[in-house]
């Protein structure tokens, strides 16, 4: 039977099947290697924040015991730190767009969100100590596949980016994923009565739900 | 694994598999593509042309039939007037007056299949050649086909290569490419005895065999495909002579093109349905032809689904931002190109490369066989296939195929 197949006109189908499977296998292997490499890169990139996480914890200890005389220098350092985290976040966003959110990435992302939340709480503390010298603008967004929400969020992110570029060191902009089921985020959402993502929290007083015009946001910052 | 990735993988698997079959067969047999068995003794042949309201083309077709080079006294021509309401019959009679080999069968309109069956009944030839009323075989075409029948008693049908006659506008030029690709791929399948369509512009059949299998089916709109499948399912052989050429008139407008392709698709569905029990049974017809044709349809639908999904995720995403664009949002952010080297992209590139290679080989005789033309053919013309396919499916679902048959 095997001999008949090998010597008959059916042989072409077996041969082609072999070549096709070989091509698919090579394609899959190459694809997986590329995907695996990129996922690792994202995870590694997130891991770089581990030092920042320790750094920010120590900053928190310092903020609690500091006096007003060091406010200027501390705020300056806080901005450098916040800007660094924000810019790294933008770069990560581009990597994430090209990848599925794997479990490994998700775990690292949660750590990154916690770091940003800690930065936010530190900034609040700093504002209290130094009598409101800057604005905090927390942008709580959703990790969603919903097209309309994605468009809405892209629009808000673009407006906030512009405002941050314009205002510079007057504001700390903190985009935070609000639906990663993290206790501290859930707590903040309850405190500020946030039931809809995306929302913007300005100076822990104003909550703006959904898309807002640039002027509307700026109104609370001037 | 994501369901969509599975769908893409299935599509790429079968797509690459079928393309490779053609490419490998071409490399193994390509040198003999123009070969055909020379006929030693020429059997008598009856050329049959059924016509319904073909006053614009019938005269040229009759001239072409008369010009065909074949031993004297062995060629008979039967022109069937299928109840035409124009001057078709008048033109036929004019030719018949001066040429004794022409016979006219004038009958009430009953459709192409019935016209052919009636003509076969009175045909005297050992072989019959079917020529559409808007087609024009070249002088030497028959001589390059009849030799196949001497080779093998089981040889039931031999088909020819069809070129388009008129090719001026977009739709005509791309049909020209289409016909060349179809002809080449059909010849490649000839190497594994899988010529599953004997075309209407010029195909030759062994008359006794056609009679034995019941002639042309009057209930199926693509009677030529049905007859071929009928013959193959009964173990008869079909071949293609790549050197035998027939020119044919093609639809000049998109509307006419859609109508023609709807008929082809409806016919395709009908024969698939009729011969479904042969699937993966007995011979190459069951194992390959039915699988190949049904998978072509399935892959087309899969392609439609994935294309619609693509539009949904790109165009709609863009549309959803319109309210935000009106608020001053920069829409060009969505136009950022992300070169994601994913598995699907790699497989997609492999598929595209094979596809380009396949079309390049298929268009070896065409003047315009450069890569940009092939790209236009693949990405502009081929997606149009979706329209008649969907219409055909709709008509089949509604059992609305009566307007094609009598």
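Quick note: the coordinates plus some simple rules give every number you see, no bench work behind them. This structure is a prediction, so every number in the text was calculated from the model and none was measured. Positions of Cβ are generated from backbone atoms using ideal geometry, with glycine treated the same way; all protein chains shown enter the neighbour counts.
Work out the mean other chain Cβ neighbour count within 10 Å for the residues of A:147-155 and drop it here as an integer. Don't jump to the answer; show the numbers that get you there.
Values: counts 8, 6, 1, 3, 13, 5, 1, 7, 10.
Mean inter-chain Cβ contacts per residue within 10 Å come to 6.
Starting from 0 in steps of 5 Å, tell me what percent of the Cα-Cα pairs of region B:37-154 lands in each bin.
Here the calculated profile for region B:37-154 is 2, 12, 23, 24, 19, 11, 6, 3, 0.
Mind pulling the angle between the C-alpha long axis of helix B:112-122 and the longest principal axis of chain B? Nearest 10 degrees, somewhere in 0 to 90.
Between helix and principal axis, roughly 20 degrees.
Please arrange A:190, A:161 by how many other C-beta atoms lie within 10 Å of their C-beta, fewest to most.
Least to most surrounded, the residues fall as A:190, A:161.
Running a GNM on chain A with Cα contacts under 10 Å, which residue among A:79, A:134, A:19 ends up with the highest mean-square fluctuation?
Fluctuation is largest for A:19.
Can you tell me, using C-alpha contacts under 8 Å and at least 6 residues apart, the relative contact order of region A:1-133 as a whole percent? Working shown, then result.
Details: 44 pairs, mean separation 56.6, N = 133.
Relative CO of region A:1-133 lands at 43 percent.
What is the diffusion coefficient of chain B in µm²/s, taking the Kirkwood radius over Cα pairs and the Stokes-Einstein relation at 4 °C with a viscosity of 1.567 mPa s?
Values: Rh = 23.0 Å.
Translational D for this selection: 56 µm²/s.
Taking neighbour Cβ counts within 10 Å as the exposure measure, how do A:131, B:76 sort from fewest upward?
Working: A:131 8, B:76 20.
If I rank by nearby Cβ atoms, fewest first, I get A:131, B:76.
Rounded to whole Å and sorted largest first, list the principal axis extents of the Cα atoms in region A:1-133.
93, 19, 16
Over all directions, the average projected area of the alpha-carbon convex hull for the protein assembly as shown comes to how many nm²?
Values: hull surface 143.0 nm².
That works out to 35.7 nm², a quarter of the Cα hull's surface.
Taking each residue in A:156-164, count the Cβ atoms of any other chain within 10 Å of its Cβ, then average. What number comes out? Present the calculation step by step, with values, prior to reporting the outcome.
Values: counts 2, 1, 5, 5, 0, 0, 2, 0, 0.
Averaged over the peptide's residues, the number is 2.
Once each part is reduced to its C-alpha centroid, what is the distance from region B:141-167 to region B:1-77 in angstrom?
Computed from Cα coordinates, the inter-centre distance equals 8 Å.
Just B:289, B:158, B:350 to compare: in a GNM of chain B, with alpha carbon springs under 10 Å, which one fluctuates most?
B:350
Classify region B:34-251 from the C-alpha gyration tensor, please: rounded if a/c falls under 1.5, else prolate or oblate depending on whether a/b exceeds b/c. Intermediate results must be reported in sequence, preceding the final value.
Numbers: a/c = 1.38, a/b = 1.16, b/c = 1.18.
Verdict is rounded for region B:34-251.
Once the Cα atoms of helix B:170-190 and of chain B are each reduced to a long axis, what angle between those two axes, in degrees from 0 to 90 to the nearest 10, is obtained?
For B:170-190 against chain B, the angle is about 70 degrees.
Output the relative contact order of chain B, whole-number percent, from Cα pairs under 8 angstrom with separation of 6+ residues.
Working: 619 pairs, mean separation 74.7, N = 406.
Relative contact order of chain B: 18 percent.
For region B:203-258 and region A:114-177, compute the distance between their C-alpha centroids and round to whole Å.
Result: 70 Å between the Cα centres.
What is region A:68-222's relative contact order, in percent, from Cα pairs under 8 angstrom and six or more apart in sequence? Before the final figure, lay out each step's value.
Numbers: 146 pairs, mean separation 42.0, N = 155.
Computed over region A:68-222, the figure is 27 percent.
Taking chain B as the reference, fit the longest principal axis to its C-alpha atoms, fit the long axis of helix B:58-67 to the helix C-alpha atoms, and give the angle between the two in degrees, 0 to 90, nearest 10.
Rounded to the nearest ten degrees, it is 60.
Comparing B:142, B:272, B:347, which has the greatest mean-square fluctuation in the GNM of chain B with Cα pairs linked when under 10 Å apart?
Per the Cα network of chain B with a 10 Å cutoff, B:347 tops the list.
Per DSSP helix of 4 or more residues, -39500 (n - 2.57); summed, then divided by the residues of the protein assembly as shown. What does that give at 222 nm, rounded to the nearest 500?
Result for the protein assembly as shown, helices only: -18000 deg cm²/dmol.
Using only the Cα atoms of region B:253-306, each taken as one equal point scatterer with no solvent, compute I(q) by the Debye sum, divide by I(0), and report log10 of the ratio at q = 0.15, 0.30 Å⁻¹.
So the normalised log intensities are -0.51, -1.09.
Provide a whole-number value for the mean count of partner chain Cβ atoms within 10 Å of the Cβ atoms in peptide B:281-288.
Details: counts 0, 0, 2, 4, 0, 0, 3, 4.
What the average comes to for B:281-288 is 2.
Out of all DSSP beta bridges with both ends in the protein assembly as shown, state the antiparallel percent to the nearest 5. Don't skip to the end; give the middle numbers.
On the way: 18 of 50 bridges.
That works out to approximately 35 percent antiparallel.
Quick check on region B:141-273: take the gyration tensor over C-alpha atoms, sort the square-rooted eigenvalues as a ≥ b ≥ c, and tell me if it's rounded (a/c under 1.5), prolate or oblate.
Details: a/c = 2.17, a/b = 1.39, b/c = 1.57.
Cα axes put region B:141-273 in the oblate bin.
Starting from the Cα gyration tensor of region A:136-222, take the square roots of the eigenvalues, sort them a ≥ b ≥ c, and report rounded, prolate or oblate (rounded when a/c is under 1.5, otherwise prolate if a/b is larger than b/c, else oblate).
Numbers: a/c = 1.82, a/b = 1.26, b/c = 1.44.
Here region A:136-222 falls in the oblate category.
What order do you get for B:262, B:80, A:113, B:204 when you list them from fewest to most C-beta neighbours inside 10 Å?
Numbers: B:262 23, B:80 26, A:113 20, B:204 30.
In increasing order of surrounding Cβ atoms, one gets A:113, B:262, B:80, B:204.
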